[in-house]
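*Asks:* Here you go, one structure.
The values are calculated or read from the model by the stated rules, or taken from the named source; none is laboratory data. The structure displayed is predicted, hence computed values, not measured ones. Counting neighbours? That spans all protein chains shown, and the Cβs are built from the backbone with ideal geometry, glycine included. When the accessible area is computed, the model is the full protein with side chains, heavy atoms only, and any ligands, DNA or RNA have been set aside. Shrake-Rupley method; radii C 1.70, N 1.55, O 1.52, S 1.80 Å.
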Amino acid sequence: VGIFSVLNIFRYEQYKLIIALSEKNDLLELQKSEISRKTNDLEIAKTLLENSNKELEQFAYIASHDLKEPLRMISMYVQMIQ
């Protein structure tokens, strides 16, 4: 086997490795893009959830306050009767 045959085999193997690495790089870029998209989706969902939690906290506070008022009135009348 001559030196040129060895060089051709080496170049061919090198070419195959370059193609394989290029394919892997393309796949990694796709995965990176997908991860970025999902991260963005999660950030949006987190913001929506935080807003929803704030609204629920406000509702709970108002409902609690509104429910306490009749109890205060009843308590006051009970004390007056006693």
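*Asks:* Across 5 Å bins from 0, what is the distribution of all Cα-Cα pair distances for the stretch 1-72, in whole percents?
*Replies:* All Cα pairs considered, the percentages come to 3, 13, 8, 9, 7, 7, 8, 6, 7, 5, 5, 4, 4, 3, 3, 3, 2, 2, 1, 1, 0.
*Asks:* Between Gln31 and Asn8, what length in nm is gained on full extension when 0.36 nm per residue of separation is reduced by their alpha carbon distance?
*Replies:* Numbers: separation 23, 0.36 × 23 = 8.28 nm, distance 3.45 nm.
Full-extension gain reported as 4.8 nm.
*Asks:* Using a 1.4 Å probe on the protein heavy atoms, what percent of the accessible area of the chain belongs to carbon and sulfur?
*Replies:* Working: 5180 of 8020 Å².
Solvent-exposed carbon and sulfur of the chain make up 65 percent of the total.
*Asks:* Then there's this: Taking only Cα atoms and a 10 Å spring cutoff, compute GNM fluctuations for the chain and point out the largest among Lys24, Lys46, Lys68.
*Replies:* Its mean-square fluctuation being the largest, the pick is Lys68.
*Asks:* Identify all aspartates and glutamates with a Cα-Cα distance to Lys54 below 13 Å; exclude those on the same chain that are fewer than 8 residues away in sequence.
*Replies:* Answer for Lys54, where 13 Å is the Cα cut-off: none of the aspartates and glutamates qualify.
*Asks:* In debye, nearest 20, what is the charge dipole magnitude of the chain about its Cα centre with +1 on Lys and Arg Cβ and -1 on Asp and Glu Cβ, if you could check? Mind dumping the intermediate values first?
*Replies:* On the way: 10 positive and 12 negative charges, 46 e Å.
In total the dipole reaches around 220 debye.
*Asks:* Once Lys and Arg get +1 and Asp and Glu get -1 on their Cβ, which of Ala63, Leu49, Ile3 lies farthest toward the positive end of the dipole of the chain?
*Replies:* Towards the positive end, the residue furthest out is Ile3.
*Asks:* Can you give me the angle between helix 3-81 and the longest principal axis of the chain, using Cα atoms only, in degrees from 0 to 90, rounded to the nearest 10?
*Replies:* 0
*Asks:* Of all the C-alpha pairs in the stretch 38-82, what % are more than 13 Å from each other? Mind dumping the intermediate values first?
*Replies:* Values: 670 of 990 pairs.
Result: 68 percent of Cα pairs exceed 13 Å.
*Asks:* What nm distance separates the two modelled labels at Met80 and Asp41, each placed 7 Å from Cα along Cα→Cβ?
*Replies:* Placing both labels 7 Å beyond Cα along the Cβ direction yields 6.1 nm.
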